[in-house]
Amino acid sequence: MKKKPVVVLTGPTGAGKTKLSIELAKRIGASIISADSVQVYKGLDIGSDKISPKDMDEIDHYLVDILDPLEKFDVTLFKELAEEAFSKIWKEGRIPLLVGGTAFYIRAVVYDTEFEKESGGGIYRKELEERLKNGEDLYEELKRSDQRSAEKIHPNNTKRIIRALEFYHENGYPISEHNEAQRKKKSPYNLAYFVLNDDRQRLYEKINDRAQKMIERGLEDEVRGLLEKGIPKDSHCFNSIGYSEMVKYMEGGLSMEETLRTIKQNTRHFAKRQLTWFRKEEDAVFINKNELNFDDEKILGTMMDMLIKKGIV
């Protein structure tokens, strides 16, 4: 049976994926599925650098502005919604184009990652969350039960620490083993996986400039408005870079100068982690803008050549 086509355009924050994705979608007859864990939320526009309806340029976009900020969005829901979008797009005779930088979400979809079903109704997770509030060092516990995961997870990333501990408790073996097995899976699709990359100095300059513009465009007012609507400070939607720092600013934990500096720093670190992840993806083809003289036509031409060779277009 002939594999159905899926195209991925990903890369680190600030690489210029959004603009390029519109032109690529036009050329190959694609509809875009946002692979972003924040743009899915209504009202979280500035901090997520969400594409505007005008900039969509009449290209259909899925998984943008579909959830209330109070709703939980995770990789399992993303996979479910993305696969629904795939079916609809294929039925229309178009090609699904996944665009965004949430690497774990992309992998879950294009390699059909299987997730262990939660048992116990999340009781153990709530217990872990309570222990965390009481000051217990869950990271040390993770190092004892799953050293490989501990080496990859930042000690401050409590969400991932709790997830890894919960997995071990529910399944009896480390999540790192599960993830390794999933990494060896081949994609069930005729997959073209592009990673758009930029010169590091240019990338960091763009990241810094983007953070500055977020503040100038009114990130503070956006977050204040969400809080005034009753969105709790510890909501899932505020976990991302830009929003978490602004919440701390409003709590008096950071000055505005410190907030901006922290957003820039955290975004640069995030971009570095994204690139580390993408380099491990077997199917990923890096499109280095500097090697193509930062010329969009050359970049698009390189991608089109590969898509033609793979029989996607």
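In table form, for the structure just shown:
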| quantity | calculated |
| --- | --- |
| Sole residue being under 22 Å from the mean Cα position of the chain (by Cα) and hydroxyl-bearing (Ser, Thr, Tyr), chosen from Ser255, Ser240 | Ser240 |
| Criterion (out of contact with any helix residue (DSSP H, G or I) (no Cβ under 9 Å at 6 or more places or on another chain) and over 19 Å from Ser187 (Cα atoms)) met by exactly one of Lys72, Lys88 | Lys88 |
| Matching helices (runs of 4 or more DSSP H) fully within the range 1-119 where at least 2 residues are of a type in the set (S, T, N, Q) and surrounded by fewer than 17 Cβ atoms within 10 Å (Cβ to Cβ) | 75-91 |
| Within the range 52-101, tally of residues that are closer than 17 Å to Ser37 by Cα and not acidic (Asp, Glu) | 24 |
| Qualifying residue in the range 266-281 (condition: open to solvent by 70 Å² or more (accessible area, probe 1.4 Å) and acidic (Asp, Glu)) | no |
| Residue in the range 194-206 that is farther than 18 Å from Arg268 by Cβ and at pLDDT 95 or above present | yes |
| Residue within the range 59-70 that is of a type in the set (D, E, K, R), farther than 22 Å from Leu226 by Cα and at pLDDT 95 or above present | yes |
| Selected residue (criterion: most open to solvent (accessible area, probe 1.4 Å)) from residues of the range 206-221 that are more than 21 Å from the chain's Cα centre (by Cα) and of a type in the set (Asp, Glu) | Glu216 |
| Any hit, the range 293-306, residues being in contact (Cβ under 8 Å) with a residue 40 or more places away in the chain, buried (at least 18 other Cβ atoms within 10 Å of the Cβ) and under 22 Å from Val64 (Cα atoms) | no |
| In the range 254-265, the residues that are assigned to a helix (DSSP H, G or I) and surrounded by 15 or more Cβ atoms within 10 Å (Cβ to Cβ) | Thr259, Leu260, Arg261, Thr262, Ile263, Lys264, Gln265 |
| Count - residues of the range 232-253 that are open to solvent by less than 40 Å² (accessible area, probe 1.4 Å), at pLDDT below 95 and outside any helix (DSSP H, G or I) | 2 |
| Residue check for Leu227: aliphatic (A, V, I, L, M), farther than 24 Å from Arg107 by Cα, surrounded by 14 or more Cβ atoms within 10 Å (Cβ to Cβ) and in contact (Cβ under 8 Å) with a residue 24 or more places away in the chain | no |
| Single unsatisfied condition, Arg144 versus (1) more than 23 Å from Phe78 (Cβ to Cβ); (2) more than 23 Å from the chain's Cα centre (by Cα); (3) surrounded by 13 or more Cβ atoms within 10 Å (Cβ to Cβ) | (3) |
| Tally of residues being assigned to a loop (DSSP other than H, G, I, E, B), within 22 Å of Ser240 (Cβ to Cβ) and open to solvent by 60 Å² or more (accessible area, probe 1.4 Å) across the range 155-200 | 2 |
| Scan of the range 121-141 for residues that are at pLDDT below 80 and open to solvent by 50 Å² or more (accessible area, probe 1.4 Å), ordered by number | Gly121 |
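Residue-wise test of (1) touching a Lys or Arg at 6+ places or on another chain (Cβ under 9 Å); (2) farther than 24 Å from Asn208 by Cα.
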| site | (1), (2) |
| --- | --- |
| Glu222 | no, no |
| Leu226 | no, yes |
| Ile231 | no, yes |
| Asp234 | no, yes |
| Ser240 | no, no |
| Met246 | yes, no |
| Arg261 | no, no |
| Glu281 | yes, yes |
| Ile287 | no, no |
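The values are calculated or read from the model by the stated rules, or taken from the named source; none is laboratory data. All values reported here derive from a predicted model rather than from experimental measurement. Cβ atoms come from the backbone with ideal geometry, glycine included; neighbour counts cover every protein chain shown. All accessible areas refer to the heavy atoms of the entire protein, side chains included, with ligands and DNA or RNA removed. Shrake-Rupley method; radii C 1.70, N 1.55, O 1.52, S 1.80 Å.
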